[in-house]
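Colleague: Got a structure for you, questions after.
The numbers here are math on the coordinates, done by the rules we state, and not lab data. Please read these numbers as outputs of a predicted model, since none were measured by experiment. Quick reminder, even Gly has a Cβ in these numbers, built from the backbone with ideal geometry, and neighbours come from all protein chains shown.
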């Protein structure tokens, strides 16, 4: 498969968006089918897998991380050969409850655990939260990069 560069990261020209394994495109496939599909994509040369902490059946916040768990399990055998992208969701009320770095780091740590990895290659905001200046998020992301987590 052809490859593309995202700055200093090389990925397959075709990536796999994994949202549909948790919601969005009709019935949610069963767990084993989802894992098999992700592994088949890798076997076909796919090296970029996109997920998000918010992807869950009916986007139910109590099921947050459903999709990341599937992706983490599926890619565990070849984690070092692929790129994982996942997204952060900051609720408006959450942004004011604690320091932005602590909140973002807690979200990232939960994602790392669900993804069964010690770092994610691409980590970004799922939706811009207008109550949090994007420049402040950039500073936090820079700190997490410096810490080797993203």
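Colleague: Arrange the peptides 39-52, 20-33 so that the one whose residues have, on average, the most other Cβ atoms within 10 Å appears first.
Modeller: With the highest mean Cβ count within 10 Å placed first, the list reads 39-52, 20-33.
Colleague: Between 0 and 90 degrees, rounded to the nearest ten: what's the tilt of helix 31-43 against the longest Cα principal axis of the chain?
Modeller: Orientation of helix 31-43: about 80 degrees from the principal axis.
Colleague: In 10 Å bins starting at zero, report the fraction of Cα pairs in the chain per bin as a rounded %.
Modeller: With a bin width of 10 Å, the distribution comes to 11, 40, 35, 13, 1.
Colleague: Test of understanding: ordering 109, 68, 73, 53 by Cβ neighbours within 10 Å, fewest first, what list do you get?
Modeller: 109, 73, 53, 68
Colleague: Which length gain, in nm to one decimal place, applies between residue 143 and residue 27 when the Cα-Cα distance is subtracted from 0.36 nm times their residue separation?
Modeller: Values: separation 116, 0.36 × 116 = 41.76 nm, distance 3.91 nm.
My answer for the length gained is 37.9 nm.
Colleague: On to the next question. Just to confirm the number: angle between the C-alpha axis of helix 100-115 and the first principal axis of the chain, 0 to 90 degrees, nearest 10?
Modeller: So the helix axis and the longest Cα principal axis differ by about 20 degrees.
Colleague: Return the distance in nm (one decimal) between the two label points of a simple spin-label model at residue 39 and residue 19, each offset 7 Å from Cα along Cα→Cβ.
Modeller: For the pair residue 39/residue 19, the computed spacing is 2.7 nm.
Colleague: With r as the distance between the Cβ atoms of residue 124 and residue 99 and R0 = 25 Å, compute the FRET efficiency 1/(1 + (r/R0)^6) and round to 0.05.
Modeller: 0.80
Colleague: Quick check for you: which residues of the range 103-134 have the amide N under 12 Å from the point 7 Å beyond the Cα of residue 63 toward its beta carbon?
Modeller: none
Colleague: Using only Cα atoms and rounding to the nearest 10 degrees, what angle (0 to 90) does helix 66-75 make with the longest principal axis of the chain?
Modeller: Relative to the chain, helix 66-75 is tipped by roughly 50 degrees.
Colleague: Here is a further query. Grab the DSSP H runs of the chain that are 4 residues or longer, score each as -39,500 (n - 2.57), total them, divide by all residues and round the 222 nm result to the nearest 500 deg cm²/dmol.
Modeller: Computed ellipticity for the chain at 222 nm equals -11500 deg cm²/dmol.
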